[in-house]
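J.: Okay, here's the structure, questions in a sec.
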Amino acid sequence: MSNRIDRCFKNLAGAGRKALIPFVTVGDPDPDWTVDIMHALVKSGADLIELGVPFSDPAADGPVIQMASERAISRGVTLRSVLETVKSFRRQDSDTPIVLMGYLNPVERFGYAGFARDAARAGVDGVLLVDCPPEEMTTLREQLDRHGIYPICLIAPTTTSKRLKMIAGQAKGYLYYVSFKGITGANSLDEASLTGPVRTIRSHSELPIAVGFGIKTAEKAAAVAGLADAVVIGSALIEQLENAGSCSDACKQVMAFLAPVRRAMDNRN
């Protein structure tokens, strides 16, 4: 079964370009704006979108994404409404890959089989659950595989060689390298520290490597794009949305922030 993630990275590689992957939380700043914001991300140069599923205890996230989750939950956003958001986005965009990023509890409550089925029907391409290591997702993975949804795996600076080999053997789509120990948005990334880890990951897998956490500027994104296959930007983007007064304003702010990042990545050489 063909997956949009594979097609996306294949097309980018053929063009000699790197993937720009923005992260936004569904329902923040307003549930009615999210689909328009997603389309604005694509217009600004996003190749793949990671959608945050709001959760009440997002342990891996820093204050910016935690507050985004709280705002979304206060507006009634659930995993089911996240899937409805994807479905609405797919009415105009059938190509851009969508990865849901969140935590296991909402998926468990939804039910693995029902979640995988409904996510596939909505147009989801991948799922990244930060608190569900590969060893603990056997049952869920069976359901995801059945519906052609990729489990996206995280690799941390503390990941051992033995564990990296195990993760690489199970991963699909791309590998997400967490660039430093800590929570999202906590630090500014030192891209020089990526050279060794990215080389090690490539020795274990042919999958594209995405790097996230701490990438806040166009210059940083361009530097990371020189080493990895994809750049993930989350907290810095969500900060642009915090004070948006309207959907139009939110979309304009997204485009003003992300378009220079895309240009910097494309012009890095």
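The values are calculated or read from the model by the stated rules, or taken from the named source; none is laboratory data. Treat the numbers as computed from the prediction; the structure is a model and nothing was measured. Ideal geometry is used to build each Cβ from the backbone, glycine not excepted, and the neighbour counts take in all protein chains shown.
J.: What number of residues in region 1-27 are at pLDDT 95 or above and either hydroxyl-bearing (Ser, Thr, Tyr) or farther than 21 Å from Ile149 by Cα (or both)?
T.: 8
J.: For the list (1) modelled with pLDDT under 95; (2) under 14 Å from the mean Cα position of the chain (by Cα); (3) of a type outside the set (A, V, I, L, M), I need the number of the one condition that Pro208 fails.
T.: Result: Pro208 passes all but (1).
Yes/no per residue for (1) surrounded by 19 or more Cβ atoms within 10 Å (Cβ to Cβ); (2) over 30 Å from Ala222 (Cβ atoms); (3) β-branched (Val, Ile, Thr); (4) at pLDDT below 95:
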residue: Thr34; (1), (2), (3), (4): yes, no, yes, no
residue: Phe55; (1), (2), (3), (4): yes, yes, no, yes
residue: Asp61; (1), (2), (3), (4): yes, no, no, yes
residue: Ile65; (1), (2), (3), (4): yes, no, yes, yes
residue: Thr78; (1), (2), (3), (4): no, yes, yes, no
residue: Leu83; (1), (2), (3), (4): yes, yes, no, no
residue: Asp93; (1), (2), (3), (4): no, no, no, no
residue: Pro106; (1), (2), (3), (4): yes, yes, no, no
residue: Ala120; (1), (2), (3), (4): no, yes, no, no
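J.: Give me the pairs, please: first residue somewhere in region 35-48 and within 18 Å of Ala236 (Cβ to Cβ), second residue anywhere and buried (at least 21 other Cβ atoms within 10 Å of the Cβ) and small (Gly, Ala, Ser), beta-carbon distance under 6 Å, and either six or more positions apart or on two chains.
T.: Pairs that qualify, where the first residue is within 18 Å of Ala236 (Cβ to Cβ) and the partner is buried (at least 21 other Cβ atoms within 10 Å of the Cβ) and small (Gly, Ala, Ser), are Ile37/Ala250; Asp47/Ala19; Leu48/Ala19.
J.: OK, next. Determine, yes or no, whether Ile73 is among the hydrophobic types (A, V, I, L, M, F, W, C) and surrounded by fewer than 17 Cβ atoms within 10 Å (Cβ to Cβ). Lay out the reasoning, then the answer.
T.: Values: among the hydrophobic types (A, V, I, L, M, F, W, C): yes; surrounded by fewer than 17 Cβ atoms within 10 Å (Cβ to Cβ): yes.
So Ile73 fits the description; yes.
J.: Could you give me the residue pairs with C-beta distances under 8 Å whose first residue belongs to region 122-143 and is in contact (Cβ under 8 Å) with a residue 12 or more places away in the chain, whose second residue is in a loop (DSSP other than H, G, I, E, B) and charged (D, E, K, R) wherever it lies, and which are 6+ apart or on separate chains?
T.: Hits for this filter: Gly126/Lys172.
J.: Shifting gears a bit: Report whether or not Ala256 is surrounded by fewer than 21 Cβ atoms within 10 Å (Cβ to Cβ) and assigned to a loop (DSSP other than H, G, I, E, B).
T.: Values: surrounded by fewer than 21 Cβ atoms within 10 Å (Cβ to Cβ): yes; assigned to a loop (DSSP other than H, G, I, E, B): no.
No.
J.: Give me the residue from region 206-251 that is free of Cβ contacts under 8 Å to residues at least 12 places away in the same chain, closer than 19 Å to Ile37 by Cβ and not small (Gly, Ala, Ser) and, out of that set, surrounded by the most Cβ atoms within 10 Å (Cβ to Cβ).
T.: By that ranking, first place goes to Asp249.
J.: Go through (1) more than 19 Å from the chain's Cα centre (by Cα); (2) not in a helix (DSSP H, G or I) and name the single condition Ala228 misses.
T.: (1)
J.: Collect the residues in region 150-160 that are in contact (Cβ under 8 Å) with a residue 40 or more places away in the chain and not aromatic (Phe, Trp, Tyr), keeping them in residue-number order. Spell out how you get there, then give the answer.
T.: At the first step, the residues of region 150-160 found to be in contact (Cβ under 8 Å) with a residue 40 or more places away in the chain are 150, 152, 155, 157.
Those that are in contact (Cβ under 8 Å) with a residue 40 or more places away in the chain and not aromatic (Phe, Trp, Tyr): Ile152, Ile155, Pro157.
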